[in-house]
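Since the structure comes first, as structure tokens, the remarks are kept for the end.
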Amino acid sequence: MIESMKPRFSLLTICLLLNACGGPAPRSDNATPAPAHWQFETQHSAQQTSALWWQRFGSAELDRLIEQARVDSHDLAAALARVRQAQATAVIAGAPLLPQVTLGLDASRSQLLNNRDNADSDNDSKSYGANLSASYEVDFWGGVAAARDSAVQSLRASEYDRATVELTLLGGVADQYARTLSAREQEAIAGLNLSNARRVLELVQTRYDSGSATALELAQQKSLVASQERQLPLVRQQAGESLITLAALLGQPVQSLRIGAQPFSSLSWPSIDAGVPSELLRRRPDIARAEAQLAAAQADVEVARAALLPKLTLGAGLGSESTRAADALRTPFYTLSAGLLAPVFNNGRLRAERDRATARQEELLESYRGAIVNGFADVEKALNSISGLDQQRRWQDEELKQAQRAFEIAQSRYQAGAEDLLTVLETQRTLYAAQDQNVQLRLSRVQASIALYKALGGGWQAPEGLSAKDI
């Protein structure tokens, strides 16, 4: 009996020694230090980032468009399909962890060609059989489990990618909606200023006809009217482009999109609490996706390392065979088998695959660190924009107020003959520029809040980790 155990003991010893040589590769330190605070945060808010962040802009129509995008967006539907693909891949990768069982039934008949007319000839043979077999690869080196882990991490990455697509989509809808409303207001301002320019032109024409104004003054005012006539189609074009982009985000042609008459000035922006930088790592789906991809790559390294080592496969079968169909299950037999397969020569292919997997892991490690740094940068940019725009708007409100007052005074004095046309033209241009700038700054402020929500992850939180039993 001792002699019969020697081969098994030797095989086990070899496996343990090879396992010691082929243990898991040391993992790199993935940590990227987070700053203690945000550089450009000037004020703190009690409002935490909400998963329904768009509702804080005070627009029921925006709420409706967001919900429509979540249902009808083709990009989001494609991302969901990629998640289902990853789920199936994870099931496939985890299947080899359990034995594979197959059932077979067979029947055959053979006869010499020159004895086809004699069915009872000795040359005529029949065979019927049934077999139930199971095979299993012993996962000594953890390669099969690592392949399953890689697929599960890829599934996580796919889930996080779907969340990133959704966040980008909803941010794009909010941004394009704000652009559409601002373009409408700019169009209204351009129309108002065109009306003012035409009234001044009528006044200049009257004075020119009476000899009180020169041909130069008349030409200057006509030039201003033409300039503002040109501005109207440009603003309408911008509004149309925003509407087209918004419709595409909603997954429909622009002909089907209807936008209400909500004034742009009614679109508010909330005060947002940015939290602390260290919280960002669990609030952004793109960072979570990069981390999951890195974990999948680390598992792929284990798979490639295990491929360099021998594989032990166990098999068992239960079958029966007979020359008569009625006796096919009356003569059962069983088989047991074991096989050890080790790579001997493959011209460096397996080692090259291991090196490729290692290099891929190093690439994704740097991508993960880069995603963290870029996440910090996105938040800082949004905070910097909010701070700068708030300061600009405070001064721009005063600029607009004084520009309106200057134009009214200049127009009144020109009608009384106490001011020349050049002064009216300059104050009119200044007023138009101030009004347009006011809308642009307001749009930029709304966009900065949207950008901050996106940079903070839009209220997203990393779900509980997936396990093999969830697949």
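The values are calculated or read from the model by the stated rules, or taken from the named source; none is laboratory data. A quick note: this is a predicted structure, and the numbers were derived from the prediction, not measured. Glycine gets a Cβ as well: all are built from the backbone with ideal geometry, and neighbour counts include every protein chain shown.
In table form, for the structure just shown:
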quantity: One residue from Arg283, Arg324 being basic (Lys, Arg) and either farther than 26 Å from Leu105 by Cβ or without any contact (Cβ under 8 Å) to a residue 60 or more places away in the chain (or both); calculated: Arg283
quantity: Which numbered condition Ser387 misses (of (1) exposed (fewer than 15 other Cβ atoms within 10 Å of the Cβ); (2) within 39 Å of the chain's Cα centre (by Cα); (3) over 30 Å from Asp161 (Cα atoms)); calculated: (1)
quantity: Residues located in the stretch 243-269, provided they are buried (at least 17 other Cβ atoms within 10 Å of the Cβ) and touching a Phe, Trp or Tyr at 6+ places or on another chain (Cβ under 8 Å); calculated: Leu246, Leu267, Trp269
quantity: Per-region count, the stretch 365-377, residues surrounded by 14 or more Cβ atoms within 10 Å (Cβ to Cβ) and farther than 30 Å from Ala304 by Cα; calculated: 3
quantity: Subset of the stretch 313-372 that is part of a strand (DSSP E or B) and of a type in the set (S, T, N, Q) - its residue that is modelled with the lowest pLDDT; calculated: Ser322
quantity: Lone qualifier among Glu353, Glu380, Glu362 - being closer than 30 Å to Leu280 by Cα, buried (at least 16 other Cβ atoms within 10 Å of the Cβ) and among the charged types (D, E, K, R); calculated: Glu380
quantity: Any hit, the stretch 414-429, residues being within 23 Å of Ser266 (Cα to Cα), among the hydrophobic types (A, V, I, L, M, F, W, C) and crowded, with 20+ Cβ neighbours inside 10 Å; calculated: no
quantity: Some residue of the stretch 64-84 being farther than 24 Å from Leu336 by Cβ, surrounded by 13 or more Cβ atoms within 10 Å (Cβ to Cβ), in contact with a Phe, Trp or Tyr (Cβ under 8 Å, 6 or more places away or on another chain) and at pLDDT 95 or above; calculated: yes
quantity: Extreme residue, nearest to Gln186 (Cα to Cα), among residues of the stretch 414-444 that are assigned to a helix (DSSP H, G or I) and in contact with a Ser or Thr (Cβ under 8 Å, 6 or more places away or on another chain); calculated: Val439
quantity: Residue count for the stretch 272-312, restricted to those that are in a helix (DSSP H, G or I) and either over 18 Å from Arg148 (Cα atoms) or in contact with a strand residue (DSSP E or B) (Cβ under 6 Å, 6 or more places away or on another chain) (or both); calculated: 11
quantity: Residue match in the stretch 219-231 (condition: buried (at least 17 other Cβ atoms within 10 Å of the Cβ), in contact (Cβ under 8 Å) with a residue 60 or more places away in the chain and within 15 Å of Ala433 (Cα to Cα)); calculated: yes
